[in-house]
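Here, each number is a calculation from the coordinates, and none is a lab measurement. In this text the structure is predicted, and so the values were computed from the model without any measurement. Here the Cβ positions follow ideal geometry from the backbone for every residue, glycine too, while neighbour counts run over all protein chains shown.
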Amino acid sequence: MKPSLRVALVGCGKITERLALPQLRRCPGAEVTALVDIRRSTANAIADKFGIARKRIWTDWRQMLREADVDVVAVNVPNALHAEIAVAALRVSKHVIVEKPIATTLADADAMIAAARAHRRWLMVDQTQRFDPIHETAYEMLQRRSLGRITQVRGRIGHAGPQYWAGTTRTWLTDHRRSGGGALMDVGIHIADLLRWLSGKQVKRICCQAMKRSKRMTVEESASALLEFTDGTSGSFEASWMTRPYEVTTAFYGERGTLRTAIGSAHPVAVQWCRQGDPNHQRGPTRYPRVPSSSRWGGAYPYFMGCIAKGRRPFISGEEARASLEVILAAYESARTREWVDMPLRAGH
Ligand SMILES: NC(=O)c1ccc[n+]([C@@H]2O[C@H](COP(=O)([O-])OP(=O)(O)OC[C@H]3O[C@@H](n4cnc5c(N)ncnc54)[C@H](O)[C@@H]3O)[C@@H](O)[C@H]2O)c1
């Protein structure tokens, strides 16, 4: 039987190997009909590992778009290349799933969003943290609004840097032209996106400090940001390439208690309630909601395939991911000017 969705993966690096292909294996209605990488040896290794015929390999994505039978293009290449490939794919009426961050500039993100609209195709950005069952559970809890009004939010994300993810420090991640930035662009985009999504709030302005420890490094290795949201909520986040082991934590402070998440913790979601009716808001019971072992959607790829099959707009649309990118670009501007930066950002970002 012909599979309903034929998928091309552009970029056969780590994210394709560790996330995209394992997830696509679990999508009965999807088949990988094209693999593209400028390095044929990389594509060959991935094809062999996942049992994909080598005749399905291209080394030029433009040629692949002309020749291959595909419905969906996954853009899994260095950040600065996302927009060009995504726009070209949308223009020939492919649905596109693109890795985070959507792009490295707002102009590029806008071009992607416009192409998706003009050609009536879905554009989704793989903000993977939204598919972590810990964050899915926190989202459901926060949607119930039982903590009352949330007045402060906080987040932290960190790992040991390029060495942790890429196995080397000599990677495009530390080349500003290809990555668009360091820890802020690489992992800060996750925490900015999580705080926006989980709180349902929009950032009004931001103040940020970015730090480089090593003189040889051309991009920041850590950043700390203060946030003000449009409803007056205050917040903060840190993004780090100097954290061992990997950490993703969030906190949402409400009128009746606090919800915390922590990847890797024995209690990854905890809700600390205040004692009911106590004017001093003393510590009440702590509840630990059950966290399923996997995403309710099975991850970004099964979710996106479902969106296409059902004609459902993905919840991490181009517009959503652009809003998170805007927070990161505002953080860079603040780090550069050493001033608070208001949103929306002026044209030119
Ligand atoms: N969602 C997440 O948590 C997460 C984690 C890591 C990386 N990512 C994102 O995934 C994307 C890729 O990262 P990675 O870690 O897989 O990088 P990687 O360096 O391991 O892989 C990138 C691949 O793209 C290939 N490539 C480069 N230019 C190309 C071109 N013009 N055409 C075709 N192939 C090309 C390279 O040869 C390489 O094999 C980045 O946008 C990154 O931010 C997301």
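Odds and ends about this structure:
- Neighbours of A88 by Cβ distance under 10 Å: Lys/Arg scored +1, Asp/Glu scored -1, total +2.
- Charge context of Q282, other residues only, Cβ under 14 angstrom, K/R +1, D/E -1: +2
- Percentage relative contact order, the chain, counting C-alpha pairs under 8 Å, at least six apart: 19
- Cβ-based net charge around R54, under 10 Å, with every Lys or Arg adding one and every Asp or Glu removing one: +2
- Computed per residue of the chain from DSSP H runs no shorter than four, each worth -39500 (n - 2.57), the mean residue ellipticity at 222 nm is -9000 deg cm²/dmol.
- About the Cα centre, charge dipole magnitude for the chain (Lys/Arg +1, Asp/Glu -1 at Cβ), debye: 540
- Neighbour counting of Cβ atoms within 10 Å sorts the residues D132, D175, fewest neighbours leading, into D175, D132.
- By average C-beta atoms within 10 angstrom, highest first, the peptides 261-270, 320-329: 320-329, 261-270
- Loop sites in region 58-165: trypsin sites (Lys or Arg not before Pro), DSSP, at most 14 other Cβ within 10 Å: R120, R144, R145, R149
- In order along region 230-240, the phi-based Karplus estimate (6.51 cos²θ - 1.76 cosθ + 1.60, θ = phi - 60°) of 3J(HN,Hα) comes to 4, 8, x, 4, 10, x, 7, 8, 10, 10, 9 Hz; Gly and Pro are listed as x.
- Assuming charge only on the beta carbon of Lys and Arg (+1) and of Asp and Glu (-1), the dipole of region 214-317 about its Cα centre is about 520 debye to the nearest 20.
- The fraction of Cα-Cα pairs per 10 angstrom bin, counted from 0 for the chain, comes to 5, 24, 32, 25, 10, 2, 0, 0 percent, rounded to whole percents.
- Cleavage-rule hits (GluC sites (Glu not before Pro)) in region 181-288: DSSP loop, at most 12 neighbouring Cβ within 10 angstrom: E255
- Dipole of the chain computed with +1 at Lys/Arg Cβ and -1 at Asp/Glu Cβ about the Cα centre; of A115, L147, S93, farthest Cα towards the positive end is S93.
- Förster radius 22 Å - calculated FRET efficiency between N44 and R18 (Cβ-Cβ, nearest 0.05): 0.80
- Distance between region 80-137 and region 142-158 - C-alpha centres, whole angstrom: 27
- Neighbour-count order for H159, H190, fewest beta carbons within 10 angstrom listed first: H159, H190
- Residues H135, H281, H176, sorted so that the one with the fewest Cβ neighbours within 10 Å comes first: H281, H176, H135
- Qualifying trypsin sites (Lys or Arg not before Pro) in region 8-58, DSSP loop, other Cβ atoms within 10 Å at most 14: R26, R39
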